[in-house]
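The values are calculated or read from the model by the stated rules, or taken from the named source; none is laboratory data. This structure is a prediction, so every number in the text was calculated from the model and none was measured. As a convention, Cβ positions derive from the backbone with ideal geometry for all residues, glycine included, and neighbour counts pool all protein chains shown. In case anyone asks, the SASA skips ligands and DNA or RNA and just uses the protein heavy atoms, side chains included. Shrake-Rupley method; radii C 1.70, N 1.55, O 1.52, S 1.80 Å.
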Protein chains: 2
Amino acid sequence: MDAIVSNSGTAVSNWLADFESALAQRDIEAATALFADECYWRDLVSFTWNIKTVEGRSEIAALLDAVLEAVKPRHFLIDGEAAEADGVTEGWFSFETEAARGRGHIRLKDGTCWTLLTTMTELKGFEEPRGSARPKGAEHGVHPGRKTWLDHRREEAAKLGSETQPYCVVIGGGQGGIALGARLRRLGVPTIILEKNERGGDSWRKRYKSLCLHDPVWYDHLPYLPFPDHWPVFSPKDKIGDWLESYVSIMELNYWTSSEAISARHDAAKGEWAVEVLRDGKQLTLRPKQLILATGMSGIANMPDYPGMDKFKGEQHHSSKHPGGEAYKGKKAVVIGSNNSAHDICADLWEHGADVTMVQRSSTHIARSDTLMDLALGGLYSEQAVANGITTDKADLIFASIPYRIMAELQKPIYAEMKQRDADFYARLEKAGFMLDFGEDDSGLFMKYLRRGSGYYIDVGASDLVADGKIRLKSGVSVKEIKEHSVVFSDGSELPADLIVYATGYGSMNGWAARLISQDIADKVGKCWGFGSGTKKDPRPFEGELRNMWKPTHQDGLWFHGGNLHQSRHYSLYLALQLKARMEGISTPVYGMGAVHHLH
Amino acid sequence: MDAIVSNSGTAVSNWLADFESALAQRDIEAATALFADECYWRDLVSFTWNIKTVEGRSEIAALLDAVLEAVKPRHFLIDGEAAEADGVTEGWFSFETEAARGRGHIRLKDGTCWTLLTTMTELKGFEEPRGSARPKGAEHGVHPGRKTWLDHRREEAAKLGSETQPYCVVIGGGQGGIALGARLRRLGVPTIILEKNERGGDSWRKRYKSLCLHDPVWYDHLPYLPFPDHWPVFSPKDKIGDWLESYVSIMELNYWTSSEAISARHDAAKGEWAVEVLRDGKQLTLRPKQLILATGMSGIANMPDYPGMDKFKGEQHHSSKHPGGEAYKGKKAVVIGSNNSAHDICADLWEHGADVTMVQRSSTHIARSDTLMDLALGGLYSEQAVANGITTDKADLIFASIPYRIMAELQKPIYAEMKQRDADFYARLEKAGFMLDFGEDDSGLFMKYLRRGSGYYIDVGASDLVADGKIRLKSGVSVKEIKEHSVVFSDGSELPADLIVYATGYGSMNGWAARLISQDIADKVGKCWGFGSGTKKDPRPFEGELRNMWKPTHQDGLWFHGGNLHQSRHYSLYLALQLKARMEGISTPVYGMGAVHHLH
C-alpha cells in the first residue's frame, strides 16, 4: 500500500468517524462543519425515504435536523481503499440506520466533504434471501401433503389477482417493469406486472426491424443475472426481447401478458387502487395498495396533428409502428424527425432502396457511437472497466455520486473532446445542412437525456448517409400540411411521399397518468422526468433530482418507474425498498418532497 | 506475503522452469527426474488429445517421448500464490502448446511432483469470442441488404439440417447435450441437438413429482451463465427444467424438440454419419461428421424381466415413468430398488397415504444430505467455498486434479467421519433391517458414482421413514415372480400390490449405442463409464479414466457425453475443444487410447 493511498484512507476514515460522532451527539453544527463551502449530499432512500440531493451546509443542517432522530445513522466504516487525484480524495463506506444497511461514497477536498452519496442497500430483517440465506429448494424431512415447487408456483399464479390481491401492480412489462418485478419478487412483495403484448420482450420485438440498443452491454445488465460474456455489445432488439422473456421465467415473475390497464382509481379511505384490466380480452379488477407506472419514456406514441393527415393516400405511421424498410424499395419516404429513431429508420429505408428524406425541425445532438463509448461511458461501463475491477454495482454508484447540479460541468470536457476528435465528421454534416448542437450549454448527450429524454442521435452509420446526401435532408422547416401524395413545409416547399414516418417521440408519463387515472391526479402529481435545469423542455425551478421518478409522489400509492436499462436496474432497487418498507409497516417519513410542476 | 507462501511460490516456479527447460531440450530423463517415485500426470486434452492419466516415471517418459515433438509445450508460468500444507506444496500455472493455451495444477512433495494436472482451455486462433472479443451486435455503418440478428438466426435455423449439414449431432437434450451445445455454439461449431421431448427441460419435468436435484446449486452451474444467487440449494425438477429451457434460448442453440434419433450409421469413406431422425413425426437424415451420444447415465430405463409381469392387474412402471404419489392414497405400493429414485418415490408415496414397501435386493450406501454437503462437497462447492474465492472453474480443476487411482484413499476419511457423525442414524437403519454399505472399500458415494453410477441414496428424509417402519422394508430378497395382485420373493413370501414401481436403474450407454447404431460398433467401442477399479460393476483392468467418456473412442466420429451437472459443465469443455480442433483440421494425434472392454 503506497503512502498516498494510505493517507487517503486515513482522511476518509477520520471524516467518517467525526461525522458519526457528530451525528451520535445530534450535534448538527459539528456535522455540517465537516462539509466544504460548496457541498452536496445525495441520498437514495437511506436518510430521507426519498431520492433527494441537498446543497450547502444549511440544507444539510435542515435535513439532519429533520431526520436524525428517526434514522439513527451509525457504524460508518470505510470500505476498500481510498484514492486521491487532482486534490480530491474519494472513498467508499458502509453504514447503518435504524431500519437499513447502506453503502456510501464520499469525495473530500482539503479534508472536508464536497460530495456525499448515501444509498440504502437492504432493510434489516427483510434482506433478500440470497447466498447462504437462499432457500433450500427441497424440503428435507417428511411432509405428508407436501407441495412441490411447481404446485406452489401454479397455485400462486392461479390465485393472485383473484382470490388474493397483489400488494403492487406494475403497469408496463418492459425492462423497467421487469427489473422492478424481479427485485420485488426477491423481497417477497406480491406483485403483478401488466404487459399489453402477447410475450415478454415484445415491447422491443415490435419496434422497427433494424433497432439495436444504443447503449453497450456493460450498461444494460438486469439485476441478479448478468448477460453471459459473449453477449453482443449492442443487443439487437429481438435478442434483448428473448432475454427479457427468459428473465421473466427464470425470476418467476407474475407477469400477465396480453393484459392492458384501462383505468385506475384510488380509494383513499381503503388506501388501495382499483385497476381495471383487460386480460386476454376479459375484464377484471385488481386492488393493489401500490400502483407503479413503468411504461417509461417511450410508453405512448406522440402523434402530431398536421392538417390533412386524414387525406394522405400513402402509408403513414408513428416510428413505434414502423415495420422496417423491406416493403419500401423504390418508394418515396419522408421521415419527420431527426433523433435516434428517425436516423435508424432513414438508414434502414435507404439500405432497402427507398428514396428517403429526413425532416429536421430543430437542431440535434449527434454523438458517434465509438467516440461516445470511449469518452463518456468507457470509464465505468466497458470491458476495460470490468478489467479494472469496476463491477456493475460500483459503476452505478459512481455514476449516482455526481449531483445533477454539477454534472453538466463535468460532462462538458467530454463533449469538447468529442467535437475535436470528430471535427471532420461534424463539418461534413453541417455542410450537408444538418443543424447540430451539443445541448444548450454544450454538456452533451446524457444531460439532454436527463433533462428532456430526447434531442440526440447516437450515430452508428446514418450520419454518413446524411452527410453524403444519400439520405436527403429537409432542414430548419416545420410541417405545414399533409396532402394526398405529399408533405408541405413551412417554407412552402412540397415533397412527394408514398410513406410518412412520424418519428415525433413519445408522450409524457404524466400524460399517461392522466389517461389512465384522471387529469386531476396527473395535475396533483405534476411533471415527471427532468430536474429543472432551465433548458429546453426542462423548465425551472431546479429540483436536483428527476421529478417523480422512483420516489414518492403527491398521490399516495402512485409511483413512476422508467428510463434506460441502466436506470431500470439501479433505481428499481430504491423503488423496491420503498415499496417493501411500506408493505412491512416500517415507518417511512419522507423528507423533502418536491413541489409540483405542471407541464408547460 | 508470508514466508511459507513465498517459499511455496518459489518451489513451484522453480519446478516449472526446470520442467520447461527439460521439455525444451527434449531431455526426457531430466523431465522425469522432476517427478517423485509415486507420481501421476492427468492430462485433459492438452498434451494427449485424450483424457488420460499416466502413473510413474516410465509412463511419463513414454508420454513425453510420444507427444513432445508435436505438442511443443512452453511458457509455463505460476498463476497466483502457491501454498503448503502437510508437506504438500500446491500451485496453479498457465502454459501453452503449439495448438492451445492451458491451465494446470501441481502438487509437490519434497520439491518433486506428486500430481500434475494439465488442461486445455482454448485453441489458439479459435478462442471463444467473449469479453473484448465479443461481437458488436449492431453492425455500424451502412449495409444495403443488411440482415438483422433475427434474420440470420431464422435463416440458420431453417437451413441447418436441410440445405446445410451440422458438423455435430448431439443426441439427448438434457443438461449434458445442452452444456456441450452451448460450448460448441460459442466455438462456432454447427451443431444440432436432438431432444425427444416437446420442450427443453422435459427430461427433468417428466420424472417423479417430488424430485429435486440431490447435488447443491454450487455444483450445478451450467457454463457461461451461473444461476442467480437466490437459486435454491437443491433445484426442484420443474425449476431446473425451466432453467434449461431458458438457457437453450439464451445460448441460441439449434435444439430440435420432439426429435428422436432412430438409427445412425457411419460411412467411413465419407467420414460422416447418416442419422435417421423423426422430427415432429417426419423422417429426415442428418449427415454430421461427429455424433455425440449425450443421453447420459439415465438415458434408457432398465426394466427387469420378472416372470408374470404381463399378468399383473395393477399399475406397474419404471421409476422414470412414475408420476408421483398423488393418485395412490390407500393403495398398496411395492417399489423394487433401494437407491435414490426408490427412496424418493417411497417417501412421496408414503406422504400421499399409500401403504409402501421398499424391496432392497442388495446393500445400499446412504449418506445424509447435510453431512455429505458438509464433509464431501463443502470445501469446493458451497457458499463458504465461494466466499473463500473458490470459483466454479477453480473447484472443477481442483476436483479434476486428483487421479482416480488415489481418489478412493482420499475419500475414505470423509466417510469414516460420516459413519461416526451419523452413527445413531445408521444404527436405526440397520435395526430396521436395512443393508448398509459405504462402498466395497468404504470409499463412499462419489467413488460408487464413478465406478458404477449407482448403489446409493442421498438421504433427504426417506431413511427416517424406513428406520421408523413407515416405509416397510423387504430386504435381502430378490423378486421371483409377479402375480395378478402381488409380488412373490425369493424367500417364498408374497406381498399384495396395487402398484409396482421398478426403480431398477438405467441401461448402459453402450447398450444405447448398440440400439441406435449396431451391436458391432457398440462392441468395437466397449464399455462406457467406470475406470476399472475392480469393484462391483466396474471390472478391471484399471484404466484410470472413465471409459469412453468425453474422449475419442475406437469408432471414428463417435463420442459419449454425460454425467451429473458438474461433469456436464466441466468435461463438455474438453469434448468441445476436441470437436472444434477436428472441424478446423488441427492435427489431433491421440495418445494412449484405452483398450476395449466389453460388458460383463
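If you build the convex hull over the alpha carbons only and average its shadow over all orientations, what do you get for region B:1-112? Give it in nm² to one decimal. Working shown, then result.
Values: hull surface 25.8 nm².
With every direction weighted equally, the projected area is 6.4 nm².
Could you work out how far helix A:565-583 tilts from the main Cα principal axis of chain A, as a 0 to 90 degree angle to the nearest 10?
Tilt relative to chain A: about 50 degrees.
What do you get when you divide the Cα radius of gyration of region A:361-424 by 2.2 N^0.38 Å, with N the number of residues? Numbers along the way, then the final one.
Numbers: Rg = 13.6 Å, N = 64, 2.2 N^0.38 = 10.7 Å.
Normalised Cα radius of gyration, region A:361-424: 1.27.
Using only protein heavy atoms and a 1.4 Å probe, report how much of A:THR588 is accessible, in Å² to the nearest 10.
Surface accessible to solvent at A:THR588 totals approximately 30 Å².
List the residues, sorted by chain then number, that are 5 or more residues from A:VAL356 or on another chain and whose placed amide H is less than 5 Å from its amide H.
A:ALA333, A:ARG472
Rg/Rh for region B:294-375: what does it come to with C-alpha atoms and Rh from Kirkwood? Each step should come with its number before you reach the end.
On the way: Rg = 14.5 Å, Rh = 14.5 Å.
My calculation of the ratio gives 1.00.
Could you tell me the accessible area of A:LYS136 in Å² (1.4 Å probe, neighbours in place), rounded to the nearest ten?
Using a 1.4 Å probe on the heavy atoms, I get roughly 80 Å².
Show me, for region A:8-15, the HN-Hα J-couplings you get by feeding each phi into the Karplus relation (A = 6.51, B = -1.76, C = 1.60, θ = phi - 60°), rounded to Hz, glycine and proline as x.
My calculation for region A:8-15 gives 4, x, 4, 4, 5, 4, 4, 4 Hz in order.
With 25 Å as the limit, write out which pairs from B:LYS412/B:LYS480; B:LYS109/B:LYS412; B:LYS448/B:LYS527 have Cα-Cα distances beyond it, or answer none. Spell out each step's value before the answer.
Working: B:LYS412/B:LYS480 36 Å; B:LYS109/B:LYS412 21 Å; B:LYS448/B:LYS527 17 Å.
In this structure, B:LYS412/B:LYS480 lie more than 25 Å apart at Cα.
Using Cα-Cα distances under 8 Å and only pairs 6 or more residues apart, what relative contact order does chain A have, in percent?
Details: 1218 pairs, mean separation 94.8, N = 600.
16 percent.
Every other copy gets compared here: list the nm distances from the A:LYS329 label point (7 Å along Cα to Cβ) to its counterparts, shortest first, one decimal.
6.6
Sorting A:GLU276, A:GLU90 by accessible area (1.4 Å probe), largest first, what list results?
Heavy-atom accessible area, descending, gives A:GLU90, A:GLU276.
If each label sits 7 angstrom from Cα along the C-beta direction, how far apart, in nm, is A:GLY308 from its counterparts in the other copies?
Spelled out, the distances from A:GLY308's label point are 9.5 nm.
Nearest beta-carbon of A to the rotation axis carrying it onto B: which residue, how many whole Å?
Rotation axis A onto B, closest Cβ, rounded to whole Å: A:SER246, 2.
Heads up, I need the accessible area for B:ARG205: 1.4 angstrom probe, whole protein in place, Å², nearest 10.
That residue has around 30 Å² of solvent-accessible surface.
Percentage of Cα-Cα pair distances in region B:437-546 greater than 16 Å, rounded to whole percent? Each step should come with its number before you reach the end.
Working: 4350 of 5995 pairs.
I get 73 percent for the Cα pairs in region B:437-546 exceeding 16 Å.
What percent of all Cα-Cα pairs in chain A falls in each 20 Å bin, counting up from 0?
18, 51, 27, 3, 0
How far, in nm, would the chain grow between A:THR112 and A:ARG130 when pulled straight, counting 0.36 nm per residue and subtracting the alpha carbon separation?
Details: separation 18, 0.36 × 18 = 6.48 nm, distance 3.72 nm.
Taking A:THR112 through A:ARG130 to full extension adds about 2.8 nm, to one decimal.
When the gyration tensor of region B:61-175 is built from Cα positions, what are the square roots of 5 times its three eigenvalues, in whole Å, from largest to smallest? Mind showing how you got there, number by number?
Working: eigenvalues 372, 73, 49 Å².
Output for region B:61-175: semi-axes of 43, 19, 16 Å.
In whole angstrom, how far apart do the alpha carbon centroids of region A:46-72 and region A:261-337 sit?
About 39 Å separates the Cα centre of region A:46-72 from the one of region A:261-337.
Please list, by residue number, everything in region A:489-519 whose backbone N is under 13 Å from a paramagnetic label point 7 Å out along Cα→Cβ of A:LYS480.
Answer for region A:489-519: A:489-495.
Net charge near B:VAL590, counting Lys/Arg +1 and Asp/Glu -1 over other residues with Cβ under 10 Å of its Cβ? Numbers along the way, then the final one.
Details: positive: B:LYS52, B:LYS551; negative: none.
Net charge in that neighbourhood comes out at +2.
Could you please state, rounded to a whole Å, how far the C-alpha centre of region A:94-118 is from the C-alpha centre of region B:167-201?
Here the answer is 50 Å between Cα centres.
Please average, across the residues of A:126-133, the number of beta carbons from any other chain that are within 10 Å of each residue's own beta carbon, and give a whole number. Don't skip to the answer; put the middle values down first.
On the way: counts 0, 0, 2, 3, 5, 5, 7, 3.
Mean partner shielding for this stretch: 3.
Ordered shortest first, which distances in nm separate the 7 Å Cα→C-beta label point of B:ALA268 from those of the other copies?
Between copies, matching label points for B:ALA268 lie 9.0 nm apart.
May I ask what percent, to the nearest 5, of DSSP beta bridges between residues of the protein assembly as shown are antiparallel?
Values: 108 of 194 bridges.
Percentage antiparallel, nearest 5: 55.
Mind jotting down the three principal axis lengths of the protein assembly as shown based on Cα atoms? Whole angstrom, largest first.
Sorted from largest, the Cα extents of the protein assembly as shown read 98, 71, 67 Å.
List the residues, sorted by chain then number, that are 5 or more residues from A:THR535 or on another chain and whose placed amide H is less than 5 Å from its amide H.
none
Just how many pairs of Lys in region A:137-235 have C-alpha atoms closer than 23 Å, counting pairs that are eight or more places apart or on different chains? Write out the running numbers ahead of the final one.
On the way: A:LYS147/A:LYS159; A:LYS159/A:LYS196; A:LYS196/A:LYS206; A:LYS196/A:LYS209.
Qualifying lysine pairs in region A:137-235: 4.
By what distance, in whole Å, do the Cα atoms of region A:122-235 stretch along each of the three principal axes, largest value first?
55, 34, 27
Can you give the angle from 0 to 90° between the axis of helix A:404-421 and the longest principal axis of chain A, with both taken from C-alpha atoms, to the nearest 10?
Roughly 50 degrees between the two axes.
Loop-only trypsin sites (Lys or Arg not before Pro) in region A:11-53, please: DSSP not H, G, I, E or B, and at most 16 other Cβ atoms within 10 Å.
Numbers: sites: A:ARG26, A:ARG42, A:LYS52; in loops: A:ARG26.
Listed in order of number, the matching sites are A:ARG26.
Could you give the accessible area per residue of region A:504-579, probe 1.4 Å, as a whole number in Å²? Show your work: numbers first, answer last.
Numbers: 2050 Å² over 76 residues.
Heavy-atom accessible area per residue stands at 27 Å².
How large is Rg over Rh for region B:316-437, taking Rg from the Cα atoms and Rh as the Kirkwood inverse mean of 1/r across Cα pairs?
Values: Rg = 18.3 Å, Rh = 17.1 Å.
Reported Rg/Rh (Cα atoms, Kirkwood Rh): 1.07.
Please turn the phi angles of region A:449-463 into ³J(HN,Hα) values with the Karplus equation 6.51 cos²θ - 1.76 cosθ + 1.60 (θ = phi - 60°), one per residue in order, whole Hz, x for glycine and proline.
These are the phi-based 3J(HN,Hα) values: 4, 6, 7, 9, x, 6, x, 8, 9, 8, 6, 10, x, 5, 5 Hz.
I'd like the orientation of helix A:237-250 relative to chain A: the angle between its Cα long axis and the longest Cα principal axis, in ° from 0 to 90, rounded to 10.
On a 0 to 90 degree scale, this one is about 30.
Let me see the P(r) profile for region A:149-213: every Cα-Cα distance counted, bins of 10 Å, each bin given as a percent of all pairs.
Reading the bins upward from 0: 19, 44, 27, 10, 1.
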